[in-house]
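These notes are about the structure you will find just below.
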Amino acid sequence: MSQPYTPSARTRLVREADRAVYDRAAAYKILDEGFICHVGFVVDGQPFVIPTGYGRVGDSLYIHGSAASRMLRRVDEGIAVCVTVTLLDGLVLARSIFNHSMNYRSVVILGTAVAVNDAKEKLEALRLLSEHILPGRWVESRQPNERELKATLVMRLPIEEFSAKVRQGPPVDDEADYAFPTWAGVIPLETVAGEPVNDPKLDPGRAVPAYARDYSRKR
């Protein structure tokens, strides 16, 4: 269901504004298909951008990692962050090199994350992170023990200030270039799972589970 959202001054797209998407449902669909987000933050005037896994539930984005992580320790101090997720859908080959492009879907989230300290919420957040990547795996894996939970920091970022941007379709050339004698079009790209490879130490009698054998990132 469409959920229109009014962007803030910081998230309203100015350049190529026609590609802007201000709809929660559309933005969440992009987030739910992605694997990696990039967390941008500034420490003592030095900007950093760190890639990490994530998971979403409702209007919150969860990230996690080692409690010793510089990124998470800084984020836990309440500094502002910019989180981005991008899906690459195709290479757009125009007649002019200047007009080559890419088809993509992206989301930018601005805000301040908070640490998840409640034990139940923390475990549930870790389950959601696991299920985001590989649905069905959590229940078949050993659950985190107390030592592992203490060594893990989970942060929750409210998805309050965000925008999405989408580019799709064929190349757009200058009118004079449409007669230029070269191929033009789109090379579609997608994430495709290969055949699962057994761990060399796996019990030979252990079959590949359906969620791994039939894995697909399409949601």
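Points to keep in mind about this one:
- The number of residues in region 93-124 that are more than 29 Å from residue 10 (Cβ to Cβ), outside any helix (DSSP H, G or I) and of a type outside the set (S, T, N, Q) comes to 5.
- Neighbours by Cβ (under 9 Å, 6+ apart or cross-chain): first from region 140-158, in contact (Cβ under 8 Å) with a residue 24 or more places away in the chain; second acidic (Asp, Glu) and surrounded by 11 or more Cβ atoms within 10 Å (Cβ to Cβ): 153/76; 154/121; 155/76; 156/121; 158/59
- Residues in region 171-190 that are free of Cβ contacts under 8 Å to residues at least 40 places away in the same chain and part of a loop (DSSP other than H, G, I, E, B): 181 only.
- Total residues in region 152-205 satisfying the condition of being surrounded by 15 or more Cβ atoms within 10 Å (Cβ to Cβ) and hydrophobic (A, V, I, L, M, F, W, C): the figure is 10.
- From the list 27, 80, 68, the lone residue that is under 24 Å from residue 124 (Cα atoms) and open to solvent by 50 Å² or more (accessible area, probe 1.4 Å) is 68.
- Selection from region 108-128 of residues that are touching a Leu at 6+ places or on another chain (Cβ under 6 Å) and buried (at least 19 other Cβ atoms within 10 Å of the Cβ): 113
- Here is the figure for region 134-144: residues that are surrounded by 13 or more Cβ atoms within 10 Å (Cβ to Cβ) and either in a helix (DSSP H, G or I) or charged (D, E, K, R) (or both) total 2.
- Contact annotation: residue pairs with Cβ atoms under 8 Å, 6 or more positions apart or on different chains, pairing a residue in region 74-91 that is at negative phi and in contact (Cβ under 8 Å) with a residue 40 or more places away in the chain with a partner that is part of a loop (DSSP other than H, G, I, E, B) and buried (at least 18 other Cβ atoms within 10 Å of the Cβ), are 75/113; 76/113; 81/113; 85/34; 86/34; 87/34.
- Here the condition is being open to solvent by 60 Å² or more (accessible area, probe 1.4 Å) and in contact with a His (Cβ under 9 Å, 6 or more places away or on another chain); of 42, 85, 49, it holds for 49 alone.
- Filtering region 206-215 for residues that are open to solvent by 70 Å² or more (accessible area, probe 1.4 Å), within 18 Å of the chain's Cα centre (by Cα) and of a type in the set (A, V, I, L, M) leaves an empty set.
- Looking across region 90-104 at every residue that is open to solvent by less than 50 Å² (accessible area, probe 1.4 Å) and either touching a Phe, Trp or Tyr at 6+ places or on another chain (Cβ under 9 Å) or not polar (S, T, N, Q) (or both), the one that is nearest to residue 61 (Cα to Cα) is identified as 104.
- Sole residue being within 19 Å of the chain's Cα centre (by Cα) and part of a helix (DSSP H, G or I), chosen from 147, 127, 156: 127
- Considering residues of region 14-61 that are free of Cβ contacts under 8 Å to residues at least 24 places away in the same chain, in a strand (DSSP E or B) and out of contact with any Phe, Trp or Tyr (no Cβ under 9 Å at 6 or more places or on another chain) only, the residue farthest from residue 153 (Cα to Cα): 46
The values are calculated or read from the model by the stated rules, or taken from the named source; none is laboratory data. Note that the coordinates shown come from a computational prediction; the quantities given were computed from them, not determined experimentally. For neighbour counting, all protein chains shown are included, and Cβ atoms are generated from backbone atoms with ideal geometry for every residue, glycine included. Just so you know, the surface numbers come from the protein's heavy atoms only, side chains and all, with ligands and any DNA or RNA stripped out. Shrake-Rupley method; radii C 1.70, N 1.55, O 1.52, S 1.80 Å.
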